[in-house]
Amino acid sequence: MKNFFLSLKTTVWVLLGLICVFFLGSYLMPVYRDVHGGMNDQLLFLWVEQNALDHPSATSWFFASLAGLVLLTINTIVCSVQAIRGKWSREDFLLRIAPQIVHIGFLCILLAHLLGAGWGYRISGMLPVQAYAKLPENRVLYLNDLRPLIDDRGNLKDWTAAIAIFENDRRVATGVLGPNAPLFHKGMGVYLKSFELRERPVAFLMVNKDPGALWALGGSVLFMIGTAVILILKWKKA
């Protein structure tokens, strides 16, 4: 079993299998839109409980890809541990440590996606002025005002929205949103996407929280550094 996880063939076959499964998912997702519709908006665990488990044929690709990623993670950890436990020398230190940096970066990116999918959320919708919208984590979003900014020619130049965030019935944050000016609070971002001027003005807002964002950034940097070191060392040896 140990040799199975140490084998490079395991990595190659798992990656090939994941590509095939993702192709299957790209076909099944539009076919079963009602099943996959809330996949990006809901917590992953909640979506699995409420939709995926009830439609195994439509979501089989998801569970297969999850199993493949778990297998790939174990393969990466076992290979790294085995490499670190080997004999080291000053001459080949960089050449041996660089792949492990790539592995760590890869694992950080996987962890980031797990945190974002399991404990993050992305919610969007229309909210009228002076109305409330319930959010996860006992939070409430309140749209206080919406103001379009008109230039001297009567053309729309910009627009802003004044909002407040309540947590456990207590106001914890206020701010003014713009097209490129979101409000952030405890890892949650509120974005103003567009608006409509009706009898009661309505703003199109998006609320996003991704607890794995910093892990993804750190993993990407490590992956890039490790890959660059490997390329430079290989180039010097050529």
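The values are calculated or read from the model by the stated rules, or taken from the named source; none is laboratory data. The structure presented is a predicted model; accordingly, all values stated were derived computationally and were not measured. Every residue, glycine among them, receives a Cβ derived from its backbone with ideal geometry; neighbour counts consider all protein chains shown. Only protein heavy atoms, including side chains, enter the accessible area calculation; ligands, DNA and RNA are left aside. Shrake-Rupley method; radii C 1.70, N 1.55, O 1.52, S 1.80 Å.
Would you list, by chain and number, the lysines whose Cα falls below 21 Å from the Cα of Lys234, excluding same-chain residues fewer than 8 positions away?
List returned: Lys87.
Please compute the length gained on full extension between Gln82 and Val176, using 0.36 nm multiplied by the number of residues separating them and subtracting their Cα-Cα distance.
Working: separation 94, 0.36 × 94 = 33.84 nm, distance 5.29 nm.
Residue separation times 0.36 nm, minus the Cα-Cα distance, leaves 28.5 nm.
Could you work out how much longer the chain between Arg96 and Arg33 gets when fully extended? Use 0.36 nm per residue separation minus the Cα distance between them, nm to one decimal. Don't jump to the answer; show the numbers that get you there.
Details: separation 63, 0.36 × 63 = 22.68 nm, distance 4.61 nm.
Stretched out fully, the Arg96 to Arg33 stretch lengthens by 18.1 nm.
Take the alpha-carbon centre of region 189-238, take the same for region 82-153, and report the distance between them in whole Å.
7
Would you mind working out the magnitude of the charge dipole of region 42-176 relative to its Cα centre, with +1 at each Lys and Arg C-beta and -1 at each Asp and Glu C-beta, to the nearest 20 Debye?
Numbers: 12 positive and 11 negative charges, 76 e Å.
Value, rounded to 20: 360 debye.
In degrees from 0 to 90, rounded to the nearest 10, what is the angle of the helix 56-85 Cα long axis to the longest principal axis of the chain?
50
Quote to one decimal, in nm, the extra length available between Ile74 and Tyr132 on full extension: 0.36 nm per residue of separation minus the C-alpha distance between them.
Working: separation 58, 0.36 × 58 = 20.88 nm, distance 4.51 nm.
Stretched out fully, the Ile74 to Tyr132 stretch lengthens by 16.4 nm.
Ignoring ligands, DNA and RNA, what percent of the accessible area of the chain is carbon or sulfur (1.4 Å)?
On the way: 9630 of 15300 Å².
Its accessible area is 63 percent carbon and sulfur atoms.
Provide Rg over Rh for region 1-131; use the alpha carbon set for both Rg and the Kirkwood Rh (inverse mean inverse pair distance).
Expressed as Rg/Rh, it is 1.12.
Taking 7 Å along the Cα-to-C-beta vector as the label spot, tell me the Leu8-His185 distance in nanometres, rounded to one decimal.
5.3
Note the angle between two axes, namely the Cα long axis of helix 93-119 and the longest principal axis of the Cα atoms of the chain, as a number of degrees from 0 to 90, rounded to the nearest 10.
40
Quick one: in the chain, what % of C-alpha pairs are over 26 Å apart?
57
Relative contact order for region 110-238: what percent, with Cα pairs under 8 Å and sequence separation of 6 or more?
Working: 230 pairs, mean separation 34.4, N = 129.
Taking the mean separation of contacting Cα pairs over the length of region 110-238, I get 27 percent.
To the nearest 20 Debye, how big is the dipole of region 165-212 about its Cα centre, given +1 on the beta carbon of each Lys and Arg and -1 on that of each Asp and Glu? Write out the running numbers ahead of the final one.
Working: 7 positive and 5 negative charges, 11 e Å.
In debye, rounded to 20, region 165-212 gives about 60.
Suppose all protein chains stay in the model; what accessible area per residue would a 1.4 Å probe give for region 70-211, in Å²? Write down the numbers at each step before the final one.
Numbers: 8650 Å² over 142 residues.
Averaged over the residues of region 70-211, the accessible area is 61 Å².
Shape of region 130-238 from its Cα gyration tensor (a ≥ b ≥ c, root eigenvalues): rounded if a/c is under 1.5, otherwise prolate when a/b > b/c, or oblate? Walk me through the numbers on the way to the answer.
Working: a/c = 4.54, a/b = 1.92, b/c = 2.36.
Because a/c hits 1.5 or more and a/b fails to exceed b/c, region 130-238 counts as oblate.
For the chain, find the longest principal axis of its Cα atoms and tell me its angle to the long axis of helix 213-237, 0 to 90°, nearest 10.
40
How high is the relative contact order of the chain? Use alpha-carbon pairs under 8 Å, at least six apart in sequence, and give a whole percent. Each step should come with its number before you reach the end.
Numbers: 344 pairs, mean separation 48.2, N = 238.
It comes to 20 percent, rounded to a whole number.
Considering the dipole of region 107-238 built from charges on the beta carbon (Lys and Arg +1, Asp and Glu -1) around the Cα centre, which of Ala181, Leu114, Ser194 is farthest to its positive end?
Leu114
Given the options Gln82, Phe63, Gln50, identify the residue whose Cα lies farthest towards the positive end of the charge dipole of region 40-125 (+1 on Cβ of Lys, Arg; -1 on Cβ of Asp, Glu).
Final value for the positive-end residue is Gln82.
Order of 44-55, 206-217 by packing, highest average Cβ count within 10 Å first? Don't jump to the answer; show the numbers that get you there.
Numbers: 44-55: 15.4, 206-217: 17.7.
Taking the mean over residues of other Cβ atoms within 10 Å, the ranking is 206-217, 44-55.
If you place +1 on the Cβ of every Lys and Arg, -1 on the Cβ of every Asp and Glu, and leave all else neutral, what size is the dipole of the chain about its Cα centre, to the nearest 20 Debye? If you can, show how the numbers build up before the last one.
Numbers: 23 positive and 16 negative charges, 205 e Å.
Roughly 980 debye for the chain.
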